[in-house]
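K.L.:
To start, I am sharing the structure in question, which I have written as structure tokens.
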Amino acid sequence: MKNLTNKMLVVMMVSFFFSTSLFAQSEKAPAKSNVYTVNSDESSLKWIGSKPLGEHFGTLDISEGALEFDNNKLIGGHFVLDMESMKVDDIEDPETNAKLLGHLQSADFFNVAEHPKAKFVISDARMIKGNGYNYEISGELTLKDISHPVKFHAMVQQDGGVLKAHAPEFEIDRTKWDIQYKSKSFFDNLKDNFIYDEIGIEIHLIAN
């Protein structure tokens with residue numbers, strides 16, 4: 001009888017050990033990470049360049065990219081801009097449109113022949129509360145093989161297997177990427193014939 005009691009006690013202790021171990025493991029299970037691949041057909045970047053007498057605007061294709069989430073929080077990612085896809089959307093006349101586009105793609109501006117790609121890599125994504133956005137995203141923009149930090153607000157939403165991200169218009173200083181054409185920061189006596197250093201950027205990303 002004593003031996004039977006001891007055996008039952010051992011079985012109970014072993015069962016308790018395994019049950020508590022499994023419970024602890026389930027409590028400490030790592031959160032699932034998800035990587036969303038950017039849908040290049042549905043994603044784009046809008047640019048706006050201004051001068052005293054008006055502005056021009058157009059788009060760039062986002063050719064590839066990925067966004068990484070951990071426990072439903074954005075933690076990293078990147079996207080690539082196809083500089084050869086640049087379009088001017090505010091000029092209807094084909095000849096005038098082509099002239100401006102050619103100038104923007106030249107060495108005076110983005111030098112697309114030598115630098116056909118640009119890239120943005122996220123270094124930090126901080127959740128915040130704002131009007132029309134829920135993240136403050138920091139990262140590095142590489143343009144013309146020159147890299148500088150960029151920070152902007154964005155609304156990032158997960159809907160099942162689809163991710164939607166929208167960054168309302170923010171500005172970058174083009175001169176940091178060696179785009180000095182008609183910049184008052186580098187040239188005097190331009191009077192009203194100058195172009196503002198700031199380029200407006202708006203980003204739309206769809207990922208799966």
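The values are calculated or read from the model by the stated rules, or taken from the named source; none is laboratory data. Quantities reported herein were computed from a predicted structural model and do not represent experimental measurements. Heads up, the Cβs are rebuilt from the backbone with ideal geometry, glycines too, and the neighbour counts pull from every protein chain shown. Calculation scope for accessible area: heavy atoms of the full protein, side chains included, ligands and nucleic acids excluded. Shrake-Rupley method; radii C 1.70, N 1.55, O 1.52, S 1.80 Å.
K.L.:
Looking at (1) open to solvent by 70 Å² or more (accessible area, probe 1.4 Å); (2) among the charged types (D, E, K, R); (3) over 15 Å from the mean Cα position of the chain (by Cα), which is the only condition D90 fails?
P.N.:
(1)
K.L.:
Now a separate question. Of the residues A98, A66, which is open to solvent by less than 30 Å² (accessible area, probe 1.4 Å), within 26 Å of I172 (Cβ to Cβ) and modelled with pLDDT of 95 or more?
P.N.:
Going through A98, A66 in turn, the sole match is A66.
Okay, residues lined up against (1) farther than 24 Å from E42 by Cα; (2) part of a loop (DSSP other than H, G, I, E, B); (3) among the aromatic types (F, W, Y):
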{"residue": "D61", "(1), (2), (3)": "no, no, no"}
{"residue": "G65", "(1), (2), (3)": "no, no, no"}
{"residue": "F69", "(1), (2), (3)": "no, no, yes"}
{"residue": "E95", "(1), (2), (3)": "yes, no, no"}
{"residue": "A107", "(1), (2), (3)": "yes, yes, no"}
{"residue": "K119", "(1), (2), (3)": "no, no, no"}
{"residue": "A125", "(1), (2), (3)": "no, no, no"}
{"residue": "Y133", "(1), (2), (3)": "no, yes, yes"}
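K.L.:
Right, something else. Within the stretch 108-126, take every residue that is open to solvent by less than 40 Å² (accessible area, probe 1.4 Å) and in contact (Cβ under 8 Å) with a residue 60 or more places away in the chain and give me the one that is nearest to I75 (Cα to Cα). Steps first, please.
P.N.:
At the first step, the residues of the stretch 108-126 found to be open to solvent by less than 40 Å² (accessible area, probe 1.4 Å) are 109-112, 115, 118, 120, 122, 125.
Of the ones still in play, those that are also in contact (Cβ under 8 Å) with a residue 60 or more places away in the chain are 109-110.
On the way: F109: 33, F110: 30 Å.
Filtering the stretch 108-126 for residues that are open to solvent by less than 40 Å² (accessible area, probe 1.4 Å) and in contact (Cβ under 8 Å) with a residue 60 or more places away in the chain, the one nearest to I75 (Cα to Cα) comes out as F110.
K.L.:
Filter the stretch 127-160 down to residues that are within 14 Å of G77 (Cβ to Cβ), over 12 Å from the mean Cα position of the chain (by Cα) and either among the acidic types (D, E) or loosely packed, with under 15 Cβ neighbours inside 10 Å (or both), then give me how many there are.
P.N.:
Qualifying residue count, the stretch 127-160: 0.
K.L.:
Tell me which of these E202 doesn't satisfy, since it passes every other one: (1) under 16 Å from the mean Cα position of the chain (by Cα); (2) open to solvent by 60 Å² or more (accessible area, probe 1.4 Å); (3) within 28 Å of K51 (Cα to Cα); (4) acidic (D, E).
P.N.:
Checking E202 against (1) under 16 Å from the mean Cα position of the chain (by Cα); (2) open to solvent by 60 Å² or more (accessible area, probe 1.4 Å); (3) within 28 Å of K51 (Cα to Cα); (4) acidic (D, E), the one that fails is (2).
K.L.:
Within the stretch 171-193, identify whether any single residue is open to solvent by less than 70 Å² (accessible area, probe 1.4 Å), closer than 17 Å to P52 by Cβ, outside any loop (DSSP other than H, G, I, E, B) and of a type in the set (G, A, S), and answer yes or no.
P.N.:
There is no residue in the stretch 171-193 that is open to solvent by less than 70 Å² (accessible area, probe 1.4 Å), closer than 17 Å to P52 by Cβ, outside any loop (DSSP other than H, G, I, E, B) and of a type in the set (G, A, S).
K.L.:
So Q105 fits all but one of (1) surrounded by fewer than 15 Cβ atoms within 10 Å (Cβ to Cβ); (2) modelled with pLDDT of 95 or more; (3) among the polar types (S, T, N, Q); what number is the exception?
P.N.:
Looking at each condition in turn, Q105 falls short on (1).
K.L.:
Scan K191, K144, K164 and give me the residue that is without any contact (Cβ under 8 Å) to a residue 24 or more places away in the chain, out of contact with any Ser or Thr (no Cβ under 8 Å at 6 or more places or on another chain) and among the basic types (K, R). Working first, answer last.
P.N.:
Values: K144 fails: without any contact (Cβ under 8 Å) to a residue 24 or more places away in the chain; K164 fails: without any contact (Cβ under 8 Å) to a residue 24 or more places away in the chain.
It is K191.
K.L.:
While we're looking at this one, here's another question. Given (1) open to solvent by less than 30 Å² (accessible area, probe 1.4 Å); (2) under 30 Å from G160 (Cα atoms), where does S44 come up short, assuming only one miss?
P.N.:
With respect to (1) open to solvent by less than 30 Å² (accessible area, probe 1.4 Å); (2) under 30 Å from G160 (Cα atoms), S44 is out only on (1).
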